[in-house]
Amino acid sequence: MSDAPTRAKGHKPRYFDDPAIDQLHAALLALAAELSVASDRIDTLERLLERGGALKRSDIDSFEPDEAAARERAARREALVARLLRPFREYREHLIERAGK
């Protein structure tokens with residue numbers, strides 16, 4: 001068993017005035033990470049099914065995407081992150097704009 005701490009030491013960074021928004025932001029990012037992993041596994045299943053034959057869990061776990069698949073997955077992740085973070089970015093830009101007036 002590892003002696004590594006389960007939580008980071010120190011204060012969590014604050015990005016918004018309201019701590020509840022920071023918590024929501026953290027939860028959203030955790031959910032996005034889980035969704036990305038699930039999407040990659042679905043993509044793996046689809047690619048293996050297209051090849052034909054029966055599948056085993058080990059086939060999915062050991063699958064290595066080729067360069068084209070890796071690029072497609074990276075583009076999908078980037079688009080997902082951009083969509084998920086758009087409201088936070090727009091809120092921040094609004095605050096900056098408002099502070100400059």
## Note on the structure
If we keep only residues of the stretch 1-60 that are of a type in the set (Gly, Ala, Ser) and over 28 Å from residue 74 (Cβ atoms), then the residue modelled with the lowest pLDDT is 2
#### Entry: Residue selected from the stretch 22-71 under the condition surrounded by 13 or more Cβ atoms within 10 Å (Cβ to Cβ) and acidic (Asp, Glu), by the criterion nearest to the chain's Cα centre (by Cα)
40
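The values are calculated or read from the model by the stated rules, or taken from the named source; none is laboratory data. All figures in this text were calculated on a predicted structure; none of them were measured in a lab. Cβ sites come from the backbone with ideal geometry, for glycine too, and all protein chains shown count toward neighbours.
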